Each structure stands twice: as C-alpha cells, then as structure tokens.
Amino acid sequence: MKLENLKPAKGATHNSKRVGRGQGSGKGGTATRGTKGAQARAGYEHKIGFEGGQMPIQRRLPKFGFKNPTRVEYQPVNVAALQALAEAQNISEITLTTLVDAGLVKGANPVKILGNGELTAKLDVVANAFSKTAVAKIEAAGGKTTIAQ
C-alpha cells in the first residue's frame, strides 16, 4: 500500500450539484430552488420555529407555569444518615462542615434534616432547617438541634 494508491471507499463520496450553470446541465434556470418566493432568493434565512407562515407551535400553545424566584431549595439529609455518620466517625456534634466533609451534601444550598430512619446516638446537630419528626427523634435520643444562620 502506498500513499498514491489511497482513495475513499466506493460510494463514500459524491459529486457536488453544480446548479445554475445553464440549461444544458439540467439544473439551470431556477437552480433547483423552485419558482419565486423567499426561498428562491439569495440570502434567504428563516427564523427559528418558522413554519412557512403557519402559526408556529410555540405561539399556538398557551403559556403555563410559574418559577418562584425566592424559593429556597434545601438539601435533604435523613437522621439515619446522621446515625451512620456518627458511628463511622465516632462524633457527637454534626455541623454543616461535617456533612460537607462526609460527602452527604454540597456546600452551596442550605441543609434540612428529615426524620426518616432510626437514631440512637446522642447528637448535637446544626443545620439550616429541621422537620418536626427529625427534631423529635434527635431530642428523644438525648441530643439537641440548632438552626444555623
């Protein structure tokens, strides 16, 4: 095999359509653009969503929904995860930095402790928010809850 013998596989390449090069080519005259209209003219570009003059779908469908700009998105952590963390690291106080270091939450959004699971360890927990069941379980185990600012 030599460089001068290399060529694309059969059927892999196509000759380009030479349009607008006279009637003898079979593609002269209108140059395969049809007759008249914006699409027959040079420089034609349609807008995104243009449907040939028909009312576009984004205008046919009604608006709906609402995004609350002041919504606070909490990262949930269950008391079962706190129990596992306390057993693994043998700690009695859990703060936001402890949760971030353990990989349970990311540092950006506030954290809410939820009451799913069992808690037997006496823990002092600091978080941005607590559910009622989480507070009940933490206090029943002898711990206390503190809301972080």
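The values are calculated or read from the model by the stated rules, or taken from the named source; none is laboratory data. Note that the structure is predicted; figures quoted are calculated from it, not measured. Neighbour counts are summed over all protein chains in view; Cβ atoms, including those assigned to glycine, are modelled from backbone coordinates with ideal geometry.
Among the listed residues Val105, Val19, which satisfies the condition of being surrounded by 12 or more Cβ atoms within 10 Å (Cβ to Cβ), within 20 Å of Ala134 (Cβ to Cβ) and of a type in the set (Val, Ile, Thr)?
Val105 is the lone residue from the list that is surrounded by 12 or more Cβ atoms within 10 Å (Cβ to Cβ), within 20 Å of Ala134 (Cβ to Cβ) and of a type in the set (Val, Ile, Thr).
Can you find a residue that is in contact with a helix residue (DSSP H, G or I) (Cβ under 8 Å, 6 or more places away or on another chain), under 23 Å from Ala136 (Cβ atoms) and either surrounded by 10 or more Cβ atoms within 10 Å (Cβ to Cβ) or not small (Gly, Ala, Ser) (or both) anywhere in the range 64-77?
Yes: one or more hits.
Residue by residue through the range 25-60, note down the ones that are of a type in the set (Gly, Ala, Ser), assigned to a loop (DSSP other than H, G, I, E, B) and more than 24 Å from Asn15 (Cβ to Cβ).
The answer is Gly37, Gly43, Gly49, Gly52, Gly53.
Output the residue which, of all residues in the range 108-149 that are assigned to a loop (DSSP other than H, G, I, E, B) and among the hydrophobic types (A, V, I, L, M, F, W, C), is nearest to Val79 (Cα to Cα).
Leu119
Can you tell me which residue is modelled with the lowest pLDDT among those in the range 78-107 that are more than 17 Å from Lys122 (Cα to Cα) and outside any helix (DSSP H, G or I)?
Gly107
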